[in-house]
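**Student:** Right, I'll just put the structure down here and ask away after.
The values are calculated or read from the model by the stated rules, or taken from the named source; none is laboratory data. All values reported here derive from a predicted model rather than from experimental measurement. As a convention, Cβ positions derive from the backbone with ideal geometry for all residues, glycine included, and neighbour counts pool all protein chains shown.
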Amino acid sequence: MSSLTSLDTPAVQPELAASNTRLAVRRFLRNRLAVVGLGVVVFFVLFCFVGPLLYSTDQTHTLLQQVNESPSGAHWLGTDAVGHDELGRLMYGGKVSLIVGLSAGVLATVIGTLWGAAAGYAGGWIDAVMMRVVDAGIAIPALFILLVVSAITTPDLSGLVLILGLISWLVPSRLVRAETLTLKNRDFVLTLRATGGGHARAITRHILPNSVSTVIVAATFQIADAILLVAYVSYLGLGVQPPSTDWGGMLSSGMTAAYSGYWWLIVPPGLAIILVVWAFNAIGDGLRDAFDVRGRA
Amino acid sequence: MSAVRPPAAPAPDGGHILDLDDLGVVFTTETGTVRAVRGVSLHVAPGETLALVGESGSGKSTVALAAMGLLAGNARATGRAVVDGTDIVGADEEQLSGLRGKTVSMVFQEPATALDPLTRVGRQIAEVIRNHRRVSAADAAARAVELLRRVGIPEPEQRARAYPFQLSGGQRQRVVIAMAIANEPALLIADEPTTALDVTVQAEILDLLRRLAAETGTGVLLVTHNMGVVADFADRVAVMYQGAVVETGSVEDVLLRPSHDYTKRLLSAVPRLSVSEAAGGGDTAEPAGAGSVGAGSVGAGSAEEPAVELTDVSVVFGRGKQAVHALRGVSFAVRPGETLGLVGESGSGKSTASRVALGLVAPTAGSVTLFGADLARTRARARRALRAGVGVVLQDPVASLDPRMTVGECVAEPLRVHRRTLSGRERESLVGDVLDRVRLPREVARRAPRELSGGQRQRVSLARALVLGPRLLVADEPTSALDVSVQEAVLEVIGELQEELGFACLFVSHDLAVVQQFARRVVVMRAGRAEEQGLTSATLLHPETDYTRRLLAAVPVPDPIVQRGRRAERLATLAAGRTEEQG
């Protein structure tokens with residue numbers, strides 16, 4: 001034992017002790033972009049879920065007397081082609097975007113984690129077959145599957161979440177498998193196996209808890225991807241169906257009026273999508289910094 | 001052979017090539033500042049070897065890095081570190097790169113990472129030469145071959161075209177040394193140069209370093225934790241403790257007549273290899289074919305059923321051309337209450353053998369019997385029940401404990417697996433009892449493994465191994481990642497508990513001195529075979545095979561006078577062997 005690593009063994013120990021979580025928080029906070037990203041996400045969650053209580057609008061009736069109005073005191077962001085208040089619609093559509101994105105991202109991560117952990121732990125030909133399935137899945141463009149399926153079935157909200165989850169679990173499964181491969185040969189798992197512990201215990205008590213940081217980081221990126229995917233399909237008119245809407249759908253209907261100069265129908269939902277997707281990615285980066293257990297053990 | 005360089009011209013600083021004066025190093029980390037080195041003053045004269053010894057965290061490596069100006073970005077050095085007239089502390093990068101590799105160069109611990117894996121070794125050496133001298137590529141290449149010859153690499157013309165992965169660990173370290181001496185430095189800093197190597201290779205590398213230093217008058221700063229290496233190589237010794245030098249003196253004074261308390265404690269904790277008096281007296285003519293001694297049969301007398309028995313076990317990893325024969329027909333048994341030591345160099349198969357005994361690796365041929373039941377013929381459920389009687393302690397104190405569990409959860413895990421009916425309170429009291437036994441305070445149960453030191457963690461592993469009251473303990477290098485003083489404490493605990501609980505112990509180690517001290521019987525492994533086995537007292541004092549004899553001869557003992565004799569004897573034996581081969 002020598003080199004630099006041995007330096008921190010005796011001296012740093014006591015302080016390192018209690019504050020592991022605090023250290024992770026501090027690392028996260030040091031990543032400025034991640035903090036801004038967290039702020040943006042919190043803002044949009046409040047905006048979409050609390051906003052309607054403060055700024056109530058009619059999002060159900062067609063109001064032909066106030067169509068395509070530009071921003072004013074009564075309608076802060078103007079109105080759209082059927083007379084809905086645009087700001088209220090941004091909240092209403094955002095709710096759908098966020099819910100679908102979050103649920104699909106989480107679903108994809110859960111499926112991916114289970115699949116990857118099973119493949120990595122089993123090893124051998126089971127691993128080979130399971131990972132070839134993943135390779136095959138990654139080879140088919142997700143958007144293509146999504147479009148075909150939603151064109152055939154016209155899914156409702158939960159259907160959409162299911163489809164998104166089922167096509168985007170592939171990448172997290174690879175990450176978790178890699179993590180599992182190293183963890184299953186760690187001494188604490190070997191010790192458990194040598195003294196008669198079962199596979200179930202090795203996976204649930206050791207491998208999954210130790211890959212949780214990888215999983216959380218992967219989940220954040222999955223959420224960003226899912227929000228973007230929902231926006232794509234809705235933009236192409238195959239996602240959330242009217243009278244309900246989401247940011248992609250709003251962008252789509254706004255585009256029909258693009259040449260009329262109705263910028264308030266395009267810029268706000270577009271910006272909202274960009275900001276939220278960027279924010280989740282930034283949070284993912286920050287979490288990766290914060291959780292990076294390598295070298296610390 | 002290259003021309004022998006005359007001893008370096010006396011450096012301006014009172015004839016010292018390295019002069020440290022009140023050197024201090026402070027690291028700024030996330031959790032605050034750490035003073036790694038405080039007020040260190042040392043010097044190295046040309047042609048002299050100064051050993052810097054101490055346990056992990058004592059700051060010895062930091063001193064070496066500071067002398068090279070290679071401290072990490074978060075470190076700040078104070079005081080003076082003068083190399084050949086230039087103060088390294090506060091020198092700019094240009095001055096430093098002029099010095100490094102030319103006036104002062106370094107040999108690192110791990111030869112595998114010190115070399116660029118994608119560049120042929122001859123080119124790597126030539127590059128070091130051309131960094132400091134205006135010579136043609138062809139000349140540099142020729143010089144590289146010359147250097148390889150000088151560090152004792154056979155067929156240097158061919159080897160110069162090899163990639164690092166094509167060389168053995170010892171050869172790689174020779175290449176690293178060739179790079180270090182390429183520009184005939186006045187000072188060589190060697191940071192644990194032999195720690196990653198097997199003892200026989202270590203002996204060769206130390207011979208090489210000693211010869212080079214003597215030939216060229218190079219001053220050497222040797223950083224090491226191994227007192228045997230110090231006794232073998234150093235002229236003077238500086239002992240570091242908690243960032244400060246506590247004692248300096250000649251190697252005889254420090255190792256044989258230590259004055260500081262810490263040095264005394266450190267030295268008394270070093271396990272010493274007892275050597276046979278007959279061999280020490282220079283009586284190398286002892287008949288090699290002394291098969292009539294038959295020490296191997298002595299240990300087999302016990303009638304008790306062995307806790308674990310390997311019969312003619314072979315293990316092959318992979319198949320076809322890539323097949324690796326990790327074990328070839330190995331047989332041994334561990335009986336209740338006794339400790340069997342499994343020794344050998346890296347790649348000898350000792351760890352594989354222990355994993356076979358644990359049932360983690362299935363033998364390709366042969367059989368394993370655990371507590372009288374053939375593992376291959378028992379059903380999964382019965383096998384799991386058998387394993388309740390096995391405790392395991394592995395080498396790495398960090399990787400052995402799940403970082404996401406508390407110490408208490410780690411220790412309680414075997415109870416959760418095998419005694420599911422226990423209530424939480426019963427479990428807690430059993431965990432507390434076993435923590436008492438390994439001499440850890442009960443409070444550690446609530447703490448995370450990373451809050452404990454390496455030695456404490458190994459004791460937690462031991463507690464986990466013992467919580468079910470096992471009949472067999474398998475310890476795979478349980479102390480080789482620990483400092484000697486900690487090693488002593490851990491071994492003591494294992495020994496006491498074995499006496500008290502009577503479990504059988506399979507003890508795997510590369511350290512012959514530790515095995516000699518700890519095991520009653522020993523199996524010497526070599527290239528997957530059991531080279532020799534018998535009672536420790538017989539086998540390690542009067543080995544029957546040449547290999548065991550060579551292995552024992554290569555272990556440096558922490559007594560400079562005895563070690564000098566052993567070295568001369570070993571070299572004489574080697575030379576004799578060489579002339580025999582030629583003849």
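**Student:** Exactly one of (1) more than 13 Å from the chain's Cα centre (by Cα); (2) closer than 19 Å to A:V100 by Cα; (3) not charged (D, E, K, R) is unmet by A:A290. Its number?
**Tutor:** Among (1) more than 13 Å from the chain's Cα centre (by Cα); (2) closer than 19 Å to A:V100 by Cα; (3) not charged (D, E, K, R), A:A290 violates only (2).
**Student:** Something else now. Can you confirm whether region A:232-255 contains a residue that is modelled with pLDDT of 85 or more and in contact with a Lys or Arg (Cβ under 7 Å, 6 or more places away or on another chain)?
**Tutor:** Among the residues of region A:232-255, not one is modelled with pLDDT of 85 or more and in contact with a Lys or Arg (Cβ under 7 Å, 6 or more places away or on another chain), which makes the answer no.
**Student:** Follow-up question, since we're still on this one. Picking from B:V438, B:V493, B:V523, which residue would you name as being away from chain A (no Cβ under 14 Å), in contact (Cβ under 8 Å) with a residue 60 or more places away in the chain and either under 30 Å from B:A333 (Cα atoms) or under 30 Å from the mean Cα position of the chain (by Cα) (or both)?
**Tutor:** Only one candidate passes the filter, namely B:V523.
**Student:** Of the residues in region B:401-416, how many are within 7 Å of another protein chain (Cβ to nearest Cβ), in a helix (DSSP H, G or I) and within 15 Å of B:E451 (Cα to Cα)?
**Tutor:** The qualifying residues number 0.
**Student:** Hey, another quick one. Given the condition part of a helix (DSSP H, G or I), of a type in the set (S, T, N, Q) and more than 14 Å from chain B (Cβ to nearest Cβ), answer yes or no: does some residue in region A:253-261 qualify?
**Tutor:** Scanning region A:253-261, I find at least one residue that is part of a helix (DSSP H, G or I), of a type in the set (S, T, N, Q) and more than 14 Å from chain B (Cβ to nearest Cβ), so the answer is yes.
**Student:** Can you spot a residue in region B:372-380 that is at the interface with another protein chain (Cβ under 8 Å from one of its Cβ atoms), modelled with pLDDT of 85 or more and not in a strand (DSSP E or B)?
**Tutor:** The answer is no, given that none of the residues of region B:372-380 is at the interface with another protein chain (Cβ under 8 Å from one of its Cβ atoms), modelled with pLDDT of 85 or more and not in a strand (DSSP E or B).
**Student:** Name the pairs: first residue in region B:378-394 and outside the structural domain of B:R419 (by TED's automatic domain parsing), second residue at pLDDT below 85 and in a helix (DSSP H, G or I), Cβ to Cβ under 7 Å, at least 6 apart or on different chains?
**Tutor:** B:R383/B:L375
**Student:** All but one of (1) away from chain A (no Cβ under 11 Å); (2) crowded, with 19+ Cβ neighbours inside 10 Å hold for B:G347; state the number of the condition that does not hold.
**Tutor:** (2)
**Student:** Further question on the same structure: Would you confirm whether or not region B:193-207 contains a residue that is in the same structural domain as B:A126 (by TED's automatic domain parsing), under 15 Å from B:A114 (Cα atoms) and within 23 Å of the chain's Cα centre (by Cα)?
**Tutor:** No, the conditions are met nowhere in region B:193-207.
**Student:** Continuing with the same structure: Can you tell me which residue within region A:224-275, out of those that are under 24 Å from A:G165 (Cβ atoms) and of a type in the set (F, W, Y), is surrounded by the fewest Cβ atoms within 10 Å (Cβ to Cβ)?
**Tutor:** A:Y232
**Student:** Considering only region B:112-165, state which residues are part of a helix (DSSP H, G or I), within 25 Å of the chain's Cα centre (by Cα) and farther than 25 Å from B:R211 by Cβ.
**Tutor:** Of everything in region B:112-165, those that are part of a helix (DSSP H, G or I), within 25 Å of the chain's Cα centre (by Cα) and farther than 25 Å from B:R211 by Cβ turn out to be B:T113, B:F165.
**Student:** Output the residue which, of all residues in region A:168-206 that are among the β-branched types (V, I, T) and surrounded by fewer than 22 Cβ atoms within 10 Å (Cβ to Cβ), is nearest to the other protein chains (Cβ to nearest Cβ). Reasoning before the result, please.
**Tutor:** Here is the first cut: in region A:168-206, the residues among the β-branched types (V, I, T) are A:171, A:176, A:180, A:182, A:189, A:191, A:195, A:203-204.
Checking the rest, the ones that are also surrounded by fewer than 22 Cβ atoms within 10 Å (Cβ to Cβ) come to A:171, A:182, A:203-204.
Numbers: A:V171: 24, A:T182: 10, A:I203: 13, A:T204: 12 Å.
The selected residue is A:T182.
**Student:** Still on this structure, please answer the following. Mind listing whichever residues of region A:48-80 are in contact (Cβ under 8 Å) with a residue 12 or more places away in the chain, out of contact with any Pro (no Cβ under 6 Å at 6 or more places or on another chain), closer than 17 Å to A:W264 by Cα and of a type in the set (G, A, S)?
**Tutor:** Result: A:S70, single match.
**Student:** Can you tell me which of (1) within 30 Å of the chain's Cα centre (by Cα); (2) within 14 Å of chain A (Cβ to nearest Cβ); (3) under 21 Å from B:A489 (Cα atoms); (4) among the charged types (D, E, K, R) is the one B:E443 doesn't meet?
**Tutor:** B:E443 satisfies all of (1) within 30 Å of the chain's Cα centre (by Cα); (2) within 14 Å of chain A (Cβ to nearest Cβ); (3) under 21 Å from B:A489 (Cα atoms); (4) among the charged types (D, E, K, R) except (1).
**Student:** Considering only residues that are within 14 Å of chain A (Cβ to nearest Cβ), part of a loop (DSSP other than H, G, I, E, B) and crowded, with 21+ Cβ neighbours inside 10 Å, which ones fall in region B:166-196?
**Tutor:** B:E192, B:P193, B:T194
**Student:** Pairs only if they're at least six apart or on different chains, beta carbon under 6 angstrom, first in region A:113-140 and assigned to a helix (DSSP H, G or I), second among the acidic types (D, E); list them, first residue then second.
**Tutor:** A:A119/A:D127
**Student:** Only one of B:S367, B:S346, B:S351 is assigned by TED's automatic domain parsing to the domain that holds B:V324 and in a loop (DSSP other than H, G, I, E, B); which?
**Tutor:** B:S346
**Student:** Within region B:59-89, restricting attention to residues that are more than 14 Å from chain A (Cβ to nearest Cβ) and of a type in the set (S, T, N, Q), which residue is nearest to the chain's Cα centre (by Cα)?
**Tutor:** B:T78
**Student:** State which residue is nearest to B:L222 (Cα to Cα) when the search covers only region B:42-58 and only residues that are among the aliphatic types (A, V, I, L, M) and away from chain A (no Cβ under 14 Å).
**Tutor:** So the residue we want is B:L50.
**Student:** Among B:Q456, B:Q498, B:Q487, which is the only one that is closer than 27 Å to B:D402 by Cβ, surrounded by fewer than 24 Cβ atoms within 10 Å (Cβ to Cβ) and more than 14 Å from chain A (Cβ to nearest Cβ)?
**Tutor:** On the way: B:Q456 fails: more than 14 Å from chain A (Cβ to nearest Cβ); B:Q487 fails: more than 14 Å from chain A (Cβ to nearest Cβ).
Sole residue among the options that is closer than 27 Å to B:D402 by Cβ, surrounded by fewer than 24 Cβ atoms within 10 Å (Cβ to Cβ) and more than 14 Å from chain A (Cβ to nearest Cβ): B:Q498.
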